[in-house]
1. If one computes the Cα centroid of region 76-144 and of region 10-47, what distance in Å separates the two points?
2. Using the reciprocal of the averaged 1/r over all distinct C-alpha pairs, how large is the Kirkwood radius of region 32-94 in Å?
3. Length gain on complete extension for the stretch residue 102 to residue 178, per 0.36 nm per residue less the alpha carbon to alpha carbon distance?
4. Please label the shape of region 85-125 as rounded, prolate or oblate, based on the square roots a ≥ b ≥ c of the eigenvalues of the alpha-carbon gyration tensor (a/c under 1.5 means rounded; beyond that, a/b larger than b/c means prolate, else oblate).
5. Using only the Cα atoms of region 176-219, construct the convex hull and provide its projected area averaged over every direction, in square nanometres to one decimal.
6. Determine the calculated [θ] at 222 nm for the chain from helices alone, applying -39500 (n - 2.57) to every DSSP H run no shorter than 4 residues and normalising by the residue count; nearest 500 deg cm²/dmol.
7. For region 108-177, just run the numbers: alpha carbon Rg, then divide by 2.2 N^0.38 Å, N being how many residues it has.
8. Rounded, prolate or oblate: which one fits region 145-218, using the alpha carbon gyration tensor with axes a ≥ b ≥ c (rounded when a/c is under 1.5, else prolate when a/b beats b/c, else oblate)?
Ligand code: C5P
């Protein structure tokens, strides 16, 4: 079983996908975290964010892994826990450049497909319904207004003790949306067979409920 959830930055995809995966007892795959981890690797090793060759070599040397604990899903690069580090502003500002690199996408998409071949998955990202899992049984495209998304990211960051001003977050989100939707390879776009879900005026439980209903209807 493959459930694909795509949408722009901070549209609530990961929060919802995680909860839906929990309810269904499926593996949750956060593909954004994988591109963030690749960006973190470049930054740590002082590699240019446009250097596809060096970044893919680093990714092969230090593979990305997810580890599920009772309370959260941790992201590892090699043996380093990068769960917090990949959420900082420097990573958010540069991830679109790294994720636009063809070789990096090629490698990470292969890993995403392997995970989906070995498990029932709820996978979220930008190109899951269009490129990674075009045969997914359920495809959802999740949106919300930029203001609402910045507000959500602000609250999320506060909980993680990251204090980025709200207007900076709005700017970052709008810029990232633009770059993600206008890149040459696998741009962010709704798959023709995806169901559009606008979450602007919905709370988390309402969205989870709606997604579970959509899944039931489409199985
Ligand atoms: O989902 P999140 O906002 O953490 O994703 C971070 C970035 O990773 C996105 O802005 C996008 O550039 C990239 N991404 C992507 N394809 C995916 C998931 C994320 O290009 N499937």
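1. Region 76-144 and region 10-47 have Cα centres spaced 6 Å from each other.
2. Details: mean 1/r = 0.0848 Å⁻¹.
Every distinct Cα pair counted, the radius reaches 11.8 Å.
3. 25.5 nm
4. Working: a/c = 3.40, a/b = 1.66, b/c = 2.05.
Note, shape of region 85-125 comes out oblate.
5. One quarter of the hull surface, i.e. the mean projection, equals 4.3 nm².
6. Per the formula, -16000 deg cm²/dmol.
7. The reported ratio for this selection is 1.40.
8. Verdict is oblate for region 145-218.
Just so you know, all these numbers are worked out from the coordinates, no wet-lab data involved. In this text the structure is predicted, and so the values were computed from the model without any measurement. A quick note on method: Cβ atoms are made from the backbone with ideal geometry, for glycine too, and the neighbour counts reach across all protein chains shown.
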